[in-house]
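Enquirer: Below you'll find the structure I mean.
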Amino acid sequence: MAETMRILSIDAGGVRGLLPALLLSEIEARTGKQVWQMFDLVTGTGTGALLAIGLTIPARSGNPLPAAKLQTIFEQPKRSLYRRSWLRKFAAHLRGVQPNYSSNCLRVWAQHHYMDTTLSEAKTGLLLPVYDLERRRPYFFKSWKAQGQQLKGRDEIYQDRNFRVRDLIGATMAEPGLFDPKVVGSQSGKRLTVVDGNLFAANPGLCGLVSSHRLRPDAKTYRMVSLGTGQDTKGVSLLQARGWDRQTWQKKMLNLTLDGMQGTVDYQLREILGEENYLRVNPELALRKALRGPDDLRLSHRDAVRQAAKRAIEKDETFVTILNDLNRATTGRTT
């Protein structure tokens, strides 16, 4: 058994999921391997979960999708991710509120690629955090439990933990305020009402590390590649903050909270694993205007994401270290 447990963690970030998709496309191109062959565990939240699923679970072609294929989802997000039907717009207009996005396009995409594929078919470890609304607690979709490993005695069966991939995609993308909550059913009929894990794990790296210790307690080294979705470095001045009323604070709170959560987990992992075994790439975004949210579809912001990915690929020493480490590794899966 390999001495090193390799973990890939992908942050939430809405349309900025294009950034880790571009980085992973470059990694696959330069190593000649797909992600599932290089990592023992992959975890992601929100659009990071969408990438994690696509990179580890076989599609209709027989293998997980290459990162370059998944990248196209973010290139035209109005077609694949963030669309509102006329009916939703009309109903919301009557109520005087902003309508949630329809998940129809995402559902069609998922059904096309995965049909009745289930979580148990993941080719490497897969961890997907969501939030269970009815039980008011985090819930983790775990591929190894869906495969019958590490179940909790007789009270837990693998059918309880095995879900269809197309349902998982809807569940992990159900960000509050953007998409409706998702009801998912396991093979045994167990039902969950969930929203995405952004509420507690915008950076799911720490969740991934904990699961890695459970999966491989004998590993001598735990090494993590953590991919962010770009830093919006436009700060808030004291003068600006003093001028915000309660409604403005509520609008700003989501982005500020996500930044805080991601930064906290980044600090914790850096302290636990050390610089050698914690390799994080999260470049600054050169934005002319601050991001309005994860569904900010302005072309200028997508261009800023592409430029940030290009800078990281060409100049970020951590990215070079990741490539060198993965090219040296002999523990990747090849079948």
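Enquirer: Considering only residues that are touching a Lys or Arg at 6+ places or on another chain (Cβ under 9 Å) and open to solvent by 80 Å² or more (accessible area, probe 1.4 Å), which ones fall in the range 252-280? Please lay out each step first, then the result.
Expert: Going through the range 252-280, the residues touching a Lys or Arg at 6+ places or on another chain (Cβ under 9 Å) turn out to be 255, 266, 269-270, 273, 276-280.
Answer for the range 252-280, where residues must be touching a Lys or Arg at 6+ places or on another chain (Cβ under 9 Å) and open to solvent by 80 Å² or more (accessible area, probe 1.4 Å): just Glu276.
Enquirer: Would you point out the residue of the range 154-175, among those that are assigned to a loop (DSSP other than H, G, I, E, B) and not acidic (Asp, Glu), that is farthest from Pro204 (Cα to Cα)? Full working, then the answer.
Expert: Filtering the range 154-175 for residues assigned to a loop (DSSP other than H, G, I, E, B) gives 156-157, 162, 173-175.
Now drop any that are not not acidic (Asp, Glu), which leaves 157, 162, 173-174.
On the way: Ile157: 25, Asn162: 21, Met173: 14, Ala174: 16 Å.
Out of the qualifying residues, it is Ile157.
Enquirer: Hey, among Ala202, Ala219, which residue is buried (at least 23 other Cβ atoms within 10 Å of the Cβ), within 20 Å of Thr43 (Cβ to Cβ) and of a type in the set (Gly, Ala, Ser)?
Expert: Within the list Ala202, Ala219, the selection yields Ala202.
Enquirer: Turning to a different aspect of this structure: So, in the range 183-198, exactly how many residues are of a type outside the set (Ser, Thr, Tyr), free of Cβ contacts under 8 Å to residues at least 40 places away in the same chain and buried (at least 18 other Cβ atoms within 10 Å of the Cβ)?
Expert: 1
Enquirer: Identify all residues within the range 265-278 that are part of a helix (DSSP H, G or I) and without any contact (Cβ under 8 Å) to a residue 40 or more places away in the chain; write none if there are none.
Expert: Tyr267, Arg270, Glu271
Enquirer: Of everything in the range 53-95 that's hydroxyl-bearing (Ser, Thr, Tyr) and buried (at least 19 other Cβ atoms within 10 Å of the Cβ), which residue is modelled with the highest pLDDT?
Expert: Thr56
Enquirer: Can you find a residue in the range 191-200 that is closer than 30 Å to Arg270 by Cα and over 19 Å from the mean Cα position of the chain (by Cα)?
Expert: no
Enquirer: Taking the residues in the range 292-315 that are at pLDDT 85 or above and open to solvent by 40 Å² or more (accessible area, probe 1.4 Å) as candidates, determine which candidate is farthest from Ala29 (Cα to Cα).
Expert: Result: Asp303.
Enquirer: Restricting attention to the range 1-18, which residues are among the small types (Gly, Ala, Ser) and assigned to a strand (DSSP E or B)? If you could, list the steps in order and put the result at the bottom.
Expert: Start the filter on the range 1-18 by keeping residues that are among the small types (Gly, Ala, Ser), which leaves 2, 9, 12-14, 17.
Correct list: Ser9 only.
Enquirer: Within the bounds of the range 147-166, is there any residue that is surrounded by 15 or more Cβ atoms within 10 Å (Cβ to Cβ), of a type in the set (D, E, K, R) and more than 19 Å from the chain's Cα centre (by Cα)?
Expert: Scanning the range 147-166, I find at least one residue that is surrounded by 15 or more Cβ atoms within 10 Å (Cβ to Cβ), of a type in the set (D, E, K, R) and more than 19 Å from the chain's Cα centre (by Cα), so the answer is yes.
Enquirer: Right, here's the next one. Just name the residue that is surrounded by the fewest Cβ atoms within 10 Å (Cβ to Cβ) out of those in the range 102-143 that are of a type in the set (A, V, I, L, M) and within 17 Å of the chain's Cα centre (by Cα). Spell out how you get there, then give the answer.
Expert: Let us first name the residues in the range 102-143 that are of a type in the set (A, V, I, L, M), namely 106, 108, 110, 115, 119, 122, 126-128, 130, 133.
Add one more test, that the residue is within 17 Å of the chain's Cα centre (by Cα), and what stays is 106, 110, 119, 122, 126-128, 130.
Numbers: Leu106: 21, Ala110: 24, Leu119: 27, Ala122: 26, Leu126: 26, Leu127: 28, Leu128: 29, Val130: 29.
Ranking the qualifying residues of the range 102-143, first place goes to Leu106.
The values are calculated or read from the model by the stated rules, or taken from the named source; none is laboratory data. For clarity, every value in this text was computed on a predicted model and none was experimentally measured. When we count neighbours, we look across all protein chains shown, and the Cβ atoms used for this are built from the backbone with ideal geometry, even at glycine. Heavy atoms of the whole protein, side chains included, go into the accessibility calculation; ligands, DNA and RNA do not. Shrake-Rupley method; radii C 1.70, N 1.55, O 1.52, S 1.80 Å.
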